[in-house]
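In what follows, a structure is listed as structure tokens, so that the remarks can point back to it.
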Amino acid sequence: MTGEGCWTEITLDPRFQGWDSVAHGGIVSTLLDEVMAWSVIGRDTWGVTARLNATFRRPVPIGKPLRAEGWVVEDRRRLFRTAGRILDAASGEVLAEGEGVFMAAPPDQLAALKQRYRLRSLDGATADTTEVVDDGGRRRLDERVGVAR
């Protein structure tokens with residue numbers, strides 16, 4: 001994740017299918033929402049989804065490597081227009097695309113959100129490695145997040 005955007009690679013488990021061997025549209029929309037939201041977080045702010053539009057180009061397969069990318073298209077103080085896409089990781093074919101609008105958290109709430117979720121870059125690590133510490137004190141290292149474009 002950087003100020004330019006973010007990406008992740010994932011292989012969806014069969015529990016996320018709608019039709020046989022195809023990801024449920026809600027899961028595809030969730031992936032788009034997440035990468036677009038993280039692209040906003042890469043701008044050192046947090047936001048909530050105000051609008052999300054998804055276009056399904058091809059069936060998104062279950063059990064095959066996918067790449068989801070998100071980036072900020074326009075930054076207007078507290079309003080972020082974003083874009084995202086899901087690709088077949090092997091061929092690069094675009095399977096789904098999304099557009100979103102995110103409303104940034106007010107400055108007085110931003111510090112509280114950062115403290116609550118304790119999101120921070122790891123000391124001495126590359127910029128595309130993020131550590132998330134949840135409320136239970138468990139640590140999860142996500143090294144799959146990187147630059148989208």
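We did not get these values from a lab; they are worked out from the coordinates using the rules stated. The structure displayed is predicted, hence computed values, not measured ones. Positions of Cβ are generated from backbone atoms using ideal geometry, with glycine treated the same way; all protein chains shown enter the neighbour counts.
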So if each residue of separation counts as 0.36 nm, and I subtract the Cα-Cα distance between Asn53 and Ala111, what length gain in nm does that give? 18.0 nm
Computed lengthening from Ala90 to Asp20, 0.36 nm per intervening residue step minus Cα-Cα distance: 23.1 nm
Between Asp44 and Arg77, what is 0.36 nm times their sequence separation minus the Cα-Cα distance? Round to one decimal in nm. 10.7 nm
With a ≥ b ≥ c taken as the square roots of the eigenvalues of the C-alpha gyration tensor of the stretch 1-86, please select rounded if a/c is under 1.5 and otherwise prolate if a/b is larger than b/c or oblate if it is not? prolate
How high is the FRET efficiency between Glu9 and Met103 when r is their beta carbon distance and R₀ equals 35 Å, given to the nearest 0.05? 0.80
Using alpha-carbon positions, what is the distance between the centroids of the stretch 1-54 and the stretch 67-91, in Å? 9 Å
Which of the peptides 105-114, 83-92, 46-55, 65-74 is most tightly packed, and how do the rest follow, going by the mean number of other Cβ atoms within 10 Å of each residue? 65-74, 83-92, 46-55, 105-114
